[in-house]
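Notes follow the structure.
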Amino acid sequence: MERFDAIVVGGGPAGCASAYVMAKAGLNVLLFERGKFAGAKNMWGGAFFGPQLNELIPEFWKEAPVERFVTRHVLSFMAENGSTSLDFKSTRFCAAPYNGFILLRAKFDGWMAQKVEQAGAIVAAGMRVDDLLFQEGRVSGVKVGDEEFPSDIVILADGVNSLLAKKAGLRSDFLPEDMKQGVKEVIELPRETIEQRFNLVNDEGAAIEFVGTCTRGLPGGGFLYTNKNSLSLGLVIELGSLVKSKLKASDLLEEFKHHPDISRLIEGGRTVEYSAHLIPCSGLAMMPKLATGGALVTGDAAALLLGTGLILEGANFAIASGMAAAQTALEAKEKNDFSAGSLSRYEQLLKESFVLQDLNTFRGAPAFLKNRRIYELYPELAFEIFEAIFQSDGMPRKGTLQVVKEIIKRRTSMISIVSDLWKARKAI
Ligand SMILES: Cc1cc2nc3c(=O)[nH]c(=O)nc-3n(C[C@H](O)[C@H](O)[C@H](O)COP(=O)(O)OP(=O)(O)OC[C@H]3O[C@@H](n4cnc5c(N)ncnc54)[C@H](O)[C@@H]3O)c2cc1C
């Protein structure tokens, strides 16, 4: 039976990054992916910040299957009868090293897995790891069906539902209130139509986030990203609230598609893909133990994902944690020490990187984002204020501040707005 230096479970961004670094450094690495190919079972919204991947594979955008470069960010507060949006464009985001990338997982993960193979690792796709092997109380390999694969270290990169991290004693089930349910459609449209509708040229792309009526006031939001020849349109909704509301995410997505802001953007499009996936969203509050003897847990499996309401960063956190896990494995190999003590270096590396520093800076965000007023009240309030400002009814106008004060008074109180702003200041 062949013994591997390292076994990686999961061919998503975390697993591929980890396997790539270890294989490039000369370790004998085996990566298991349960999907028929890496990416087959995976989904995300699709806007991805690139610095971490650029460190791993310099100028990756020259060869990776990038759909578009994000040059336009829109934050839209969606009300019943319209919306109020902040539309940001930067010409600086149009050139290398770019700022954000829009990608589709099936193509992107497939490309990453190819890089892993080129680096010298074995990628075993279509093989699900069912269990861990233990020796003298520490993880010593994995089991696929009845077959055993021993190794010095196992990197767990098996995503949000990681059964293996539970078997390793690193975590328990994540709670519904700590997760968001994501649903998404990929809607095909001709390239020129997309560029006209979103005011884009060449490979420019738009990332649009929606807050408000699209989730019927439940914590969460909508997203729309422009691919080359399609749009990624979806919702993420806090799972605990969704379950309590008895609403279905798929129904809400259908409703979202019929909102006038969306329906005209997707008009004439053809849905070619539908997917659903969970997101771990409570940051540091839900982060499990990261290391045990013989095993490390990375990416979504360790809840290493940042959601501030303005941005959702999962993939580059997954890549960064995969790289830190690989670095830890390489140091452990040099010392020939794979004990929990030796592998605690992993947490140290994450603390030195943006991963744990960002999660710490925004540790208040997950609790702040549970405030229903963000989704129910403020989008409607903004809509009413701007509708009143931009409307003429033939009567003498009131001062703008007077209009704002009257609408706020009708809807809520100044004190609760100041209190929400104060909480926002501390959280995001
Ligand atoms: C709706 C939605 C929108 C998102 N939008 C964005 C976004 O715009 N930008 C962003 O940066 N992030 C986004 N994310 C988050 C991002 O997708 C994740 O943070 C990231 O994919 C985590 O990577 P990972 O490698 O840890 O896990 P995953 O990508 O989940 O990969 C885990 C892999 O492990 C495999 N696997 C699982 N169990 C086993 C097993 N037992 N044996 C073998 N293989 C196994 C799976 O098939 C999968 O390939 C979004 C997520 C969702 C759900």
**Request:** Write out the chymotrypsin sites (Phe, Trp or Tyr not before Pro) in the stretch 1-110 meeting two conditions: DSSP loop, and at most 13 other Cβ atoms within 10 Å of their Cβ.
**Result:** none
**Prompt:** How far, in degrees from 0 to 90, does helix 315-335 lean away from the longest principal axis of the Cα atoms of the chain, to the nearest 10?
**Reply:** 20
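Going by how many other Cβ atoms sit within 10 Å of their own, how do Lys409, Lys115, Lys180 line up, fewest first?
Lys409, Lys115, Lys180
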**Message:** Whole angstrom only: what separates the Cα centroid of the stretch 344-391 from the Cα centroid of the stretch 44-110?
**Reply:** 19
**Prompt:** Counting other C-beta atoms within 10 Å, which of His258, His73 has the fewest, and how do the rest follow?
**Reply:** His258, His73
**Message:** Can you show me the helix-derived [θ] at 222 nm for the chain, built from DSSP H runs with n ≥ 4 at -39,500 (n - 2.57) apiece and divided by the number of residues, rounded to the nearest 500.
**Reply:** -10500 deg cm²/dmol
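Report the FRET efficiency, 1/(1 + (r/R0)^6), for His258 and Lys143, where r is their Cβ-Cβ distance and R0 is 41 Å, rounded to 0.05.
Numbers: r = 48 Å, r/R0 = 1.17.
Given R0 = 41 Å and the Cβ-Cβ separation, E is 0.30.
Which shape class, rounded, prolate or oblate, goes with the stretch 117-269 when its Cα gyration tensor gives a ≥ b ≥ c as root eigenvalues, a/c under 1.5 marks rounded, and past that a/b bigger than b/c marks prolate? Spell out each step's value before the answer.
Numbers: a/c = 3.51, a/b = 1.73, b/c = 2.03.
Oblate, because a/c is 1.5 or more while a/b does not exceed b/c.
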**Fill in**
Once phi for every residue in the stretch 129-134 is put through the Karplus expression 6.51 cos²θ - 1.76 cosθ + 1.60 (θ = phi - 60°), the whole-Hz ³J(HN,Hα) values, with Gly and Pro written as x, are 6, 9, 7, 10, 9, 10
**Asked** For Lys335 and Phe37, what does the FRET efficiency come to when R0 = 51 Å and r is the distance between their Cβ atoms, rounded to the nearest 0.05?
**Response** 0.90
**Item:** Per-residue HN-Hα couplings for the stretch 54-62 [Karplus 6.51, -1.76, 1.60; θ = phi - 60°; Hz; x = Gly/Pro]
**Value:** 5, 5, 6, 10, x, 6, 4, 5, 6
**Message:** Quick check: from the Cα gyration tensor, does the chain come out rounded (a/c under 1.5), prolate or oblate?
**Reply:** prolate
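Could you give the length gained on full extension between Met1 and Asp131, defined as 0.36 nm per residue of separation minus the Cα-Cα distance, in nm?
Numbers: separation 130, 0.36 × 130 = 46.80 nm, distance 1.73 nm.
Fully extending the segment from Met1 to Asp131 adds 45.1 nm.
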**Request:** With 23 Å as the limit, write out which pairs from Lys24/Lys289; Lys107/Lys333; Lys143/Lys166; Lys246/Lys370; Lys143/Lys167; Lys115/Lys351 have Cα-Cα distances beyond it, or answer none.
**Result:** Lys24/Lys289; Lys107/Lys333; Lys115/Lys351
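If a/c stays under 1.5 just call it rounded; otherwise compare a/b with b/c (prolate if a/b is bigger, oblate if not). Do that for the stretch 368-427, with a ≥ b ≥ c from the square roots of the Cα gyration tensor eigenvalues. Present the calculation step by step, with values, prior to reporting the outcome.
Values: a/c = 3.06, a/b = 2.23, b/c = 1.37.
Verdict is prolate for the stretch 368-427.
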**Message:** Cut-off 14 Å, label point 7 angstrom out along Cα-to-Cβ of Asp173: give me the residues of the stretch 219-248 whose amide nitrogen falls inside.
**Reply:** 240
**Item:** DSSP loop GluC sites (Glu not before Pro) with at most 15 other Cβ within 10 Å: longest gap in the chain
**Value:** 268-428
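Could you calculate the FRET efficiency of Gln348 with Ser392 from 1/(1 + (r/R0)^6), where r is the beta carbon distance between them and R0 is 45 Å, rounded to 0.05?
Numbers: r = 62 Å, r/R0 = 1.39.
The calculated FRET efficiency here is 0.10.
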**Request:** Taking H placed 1.01 Å from N in the peptide plane, check which residues at least 5 places from Thr292 or on another chain put their amide H under 5 Å from its amide H.
**Result:** none
**Request:** May I ask you to sort Ser18, Ser250, Ser232, Ser76 by Cβ crowding, counting other Cβ atoms within 10 Å and putting the fewest first?
**Result:** Ser250, Ser76, Ser232, Ser18
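Computed from the coordinates by the stated procedures, all read-outs in this text should not be read as laboratory data. Keep in mind it's a predicted model, so treat the numbers as computed, not measured. Note that we place each Cβ from the backbone using ideal geometry, even for glycine, and neighbour counts take in every protein chain shown.
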